[in-house]
1. When the Cα centres of segment 29-79 and segment 170-246 are compared, how far apart do they sit, in Å?
2. Expressed as a whole number of Å, what is the distance separating the alpha-carbon centroids of segment 353-373 and segment 1-27?
3. For the chain, what is the mean residue ellipticity at 222 nm derived from helices alone (per DSSP H run of n ≥ 4: -39500 (n - 2.57); sum divided by total residues; nearest 500 deg cm²/dmol)?
4. For the chain, take the longest principal axis of its alpha carbons; what is the angle in degrees between that and the long axis of helix 404-415, to the nearest 10 within 0 to 90?
5. Would you mind getting me the FRET efficiency between Q380 and W103? Use the beta-carbon distance for r and R0 = 51 Å, nearest 0.05.
6. Run a plain Debye calculation on the chain (Cα atoms as equal point scatterers, no solvent) and give log10 I(q)/I(0) at q = 0.06, 0.08, 0.10, 0.11 Å⁻¹, rounded to two decimals, same order as the q list.
7. Pairs K284/K354; K126/K385; K278/K386; K59/K218; K41/K115; K67/K143: which exceed 26 Å Cα-Cα?
8. Please give the contour-minus-distance gain from Q454 to T339: 0.36 nm per residue of separation, less the Cα-Cα distance, rounded to one decimal in nm.
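Just so it is clear, none of the values below were taken in a lab; they were calculated from the coordinates. Please read all numbers here as calculations on a predicted model, not as lab measurements. Reconstructed Cβ throughout: ideal geometry from the backbone, glycine too, with neighbour counts over all protein chains shown.
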Amino acid sequence: MQLIEQFTEKAIRSGRFQPLDKIYVANKVRSLVGDEDVQAKDDEPLVAQLVELAVKRGKIEDGPTAKEILNDQLYDLLTPLPSTVNRLFWEKYEQSPQLATDWFYRLCTNNDYVKVSAIKKNVVFKHKVQGGNELEITINLSKPEKDPKAIAAAAHNKDKQYPQCVLCMENEGYLGRLGHAARSNHRIIRLTLGGHQWGLQYSPYAYFNEHCIFLDAKHEPMQINQQTLVNLVEIEKMFPQYFVGSNADLPIVGGSLLSHEHYQGGRHVFPMMKAPIKEALTFKEYPQVEAGIVDWPMSDLRLISTDTTALINLGAHIINSWDHYSDPQLQLIAEKNGTRHHTVTPIMHRDHEKFVLDLVLRDNNTNEDYPLGIFHPHAQYWHIKKENIGLIEVMGRAILPARLKDELVQVKRFWLKQPNQISEAHLPWAKAVASKREINADNVDEVMQAELAQVFANVLADAGVFKDDAAGQAGWQRFIQKL
């Protein structure tokens with residue numbers, strides 16, 4: 001069958017158009033790729049073939065930005081309008097929340113908004129570390145390299161941006177440009193949280209199963225307070241099949257986007273959620289809430305209850321107390337010169353009827369010894385992980401940079417005494433591992449996985465405010481007494 005004709009029929013089957021619209025849709029496609037139809041190939045997606053055709057005919061540049069824009073314009077023709085998507089979602093929600101999210105996720109993978117083929121490139125494995133936790137390690141290969149033209153354009157562009165950021169509602173249907181991703185095929189579910197309009201979307205380059213984002217309809221900075229916990233509870237009541245959490249709202253300990261209020265969620269059980277409570281706590285004013293310190297490298301207080309009001313109130317009390325709590329013995333300073341340094345990373349999931357709230361205590365102070373953060377990956381681990389420890393990593397899933405895929409091949413060659421081009425940055429670590437292990441061709445991959453996981457565990461411990469030693473445990477007790 002001819003390529004444009006085949007795509008047109010698929011667009012009509014998608015439900016956005018009626019059979020009478022066939023000529024109209026075909027002409028929309030011709031305006032993008034050229035008028036003459038060609039024979040379709042059986043072994044390649046239709047949209048990819050149409051993008052190739054447009055490049056060949058000079059309709060678009062042969063560059064990543066132009067190709068992405070056209071790709072998403074074509075997939076938009078296969079996607080119902082936002083109003084239709086929202087109507088169908090909430091109709092399905094009446095039957096079950098999971099039916100609705102299953103349908104919406106499938107829509108977002110079928111229309112290439114969620115980049116399934118790119119995500120499959122990621123390296124993913126699990127490994128146990130000292131202390132017994134099984135951590136998840138990913139090397140993130142899915143995100144495309146930035147277009148050099150986009151980088152240059154951004155350097156010269158001083159205008160106010162539209163959309164203001166990548167999370168704004170205004171991205172829905174946005175064509176895209178150099179430096180701002182194409183979003184023609186993007187759809188957002190509208191919902192209400194705390195009396196305000198929010199949106200639900202999926203992450204294009206997901207870090208775990210059904211990685212979704214809940215975003216404020218207004219472009220306002222992130223903040224962690226009692227309302228955050230109210231919103232997380234509302235989300236858990238609305239979508240009990242998902243966990244939901246927020247990045248911290250301060251630099252160094254927060255995520256990469258602090259300018260737009262949002263939460264992340266999805267259908268995944270993270271290592272931290274499986275970690276047991278190592279010390280049970282009781283709060284006399286909240287007898288209906290189970291509480292305790294979690295056996296985890298970072299400093300995590302867990303609250304469990306079926307009474308969400310009590311859970312929110314106790315959680316807010318802990319957040320407020322930590323915001324103002326200092327312990328100079330441990331270099332924990334809540335505020336300096338009017339600048340706040342304490343916050344939490346809050347995460348919530350359901351255990352049947354119970355709501356489980358993890359509050360991970362964060363401090364973003366710096367000093368001369370630790371200019372990037374006292375409670376941040378320390379310099380000895382920067383060869384593996386230098387970036388902030390955000391929400392996903394707090395829960396035990398490392399997101400490591402793409403450069404490691406090739407660099408770690410050279411480390412393995414070094415261990416096997418083969419010719420190599422090992423980076424100077426990896427050499428001290430590689431030598432230390434080699435000195436304590438017998439490494440051969442049969443176990444080199446296992447050694448690499450084990451050692452990467454241990455580095456990640458050490459990085460999480462660096463980010464913990466109360467260390468797993470006598471001083472740290474005494475610090476925990478001092479803070480709990482204040483509560």
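1. Measuring centre to centre over Cα atoms gives 30 Å.
2. So the separation of the two Cα centres works out to 52 Å.
3. Numbers: 16 runs with 180 residues, N = 483.
Counting only the DSSP helices, I get -11500 deg cm²/dmol.
4. 60
5. Working: r = 47 Å, r/R0 = 0.93.
With R0 = 51 Å, the Cβ-Cβ based efficiency is 0.60.
6. Treating every Cα as an identical point scatterer, log10 I(q)/I(0) equals -0.32, -0.57, -0.87, -1.02.
7. Numbers: K284/K354 20 Å; K126/K385 17 Å; K278/K386 29 Å; K59/K218 37 Å; K41/K115 22 Å; K67/K143 15 Å.
Beyond 26 Å: K278/K386; K59/K218.
8. Numbers: separation 115, 0.36 × 115 = 41.40 nm, distance 3.39 nm.
Length gained between Q454 and T339: 38.0 nm.
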